[in-house]
Amino acid sequence: MFVPPERLREYWPDVRPALERMIAEHDELWLPEDVYADIMAGGANLFTTTDVRGFVVTQFLKTPYSRTLHVWIAHNEGHGRAAGFFEQIKDIARANDCQEVTFESDRAGFRRAIPGIRQRLLYSFRLGD
């Protein structure tokens, strides 16, 4: 379910604690305030499950030759794995004329092995015609 910016305050008490846990667990550089401000300014979008136990924050990236749905933040406290929600992400991308979906992930194994290292992997998926 898409949450319009003018309704973000209603959902924020459920979203913010999850963002704070993500920052602590994954050493993210952004703050919950960054996410809030970007959604309110129209630079990002919030989609939630009806119980707000799962949500994604997306951004649209545009180039002269394509439009990409970037999944900035994904969180799920409910049942199922992230791959189970990928069809919904693709539906959001298609509904917004995107040709590609991207998301990032960290590799905790390297972080544990090499103190101070930061690594992010960028994954992408091209949508078919």
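Give me the extension gain from Asp51 to Tyr65: residue separation times 0.36 nm, minus the current Cα-Cα distance, reported in nm with one decimal.
Details: separation 14, 0.36 × 14 = 5.04 nm, distance 3.72 nm.
Here the segment from Asp51 to Tyr65 would lengthen by 1.3 nm.
Treat the count of other C-beta atoms within 10 Å as a stand-in for reagent exposure and order Val3, Val57 from fewest to most. All intermediate terms of the calculation are to be shown ahead of the outcome.
Numbers: Val3 19, Val57 22.
The order, fewest Cβ neighbours first, is Val3, Val57.
Taking the structure as given and computing P(r) over Cα pairs in 10 Å bins from 0, in percent, which label from (1) 11, 40, 29, 14, 5, 0; (2) 11, 33, 22, 12, 9, 9, 4, 0; (3) 11, 41, 37, 11, 0 fits?
It is the one labelled (3).
Among 91-103, 31-43, how do they line up by average Cβ neighbours within 10 Å per residue, starting with the highest? Mind showing how you got there, number by number?
Working: 91-103: 15.9, 31-43: 14.4.
Highest mean packing first, the order is 91-103, 31-43.
At R0 = 25 Å, how high is the FRET efficiency between Glu104 and Asp14 if r is their beta carbon distance? Nearest 0.05 is fine.
Numbers: r = 23 Å, r/R0 = 0.93.
Given R0 = 25 Å and the Cβ-Cβ separation, E is 0.60.
Bear in mind that the values in this text are calculations on the coordinates, not laboratory data. Note that this is a predicted model, so its numbers are computed, not measured. Cβ: placed from backbone, ideal geometry, glycine included. Neighbour counts: every protein chain shown.
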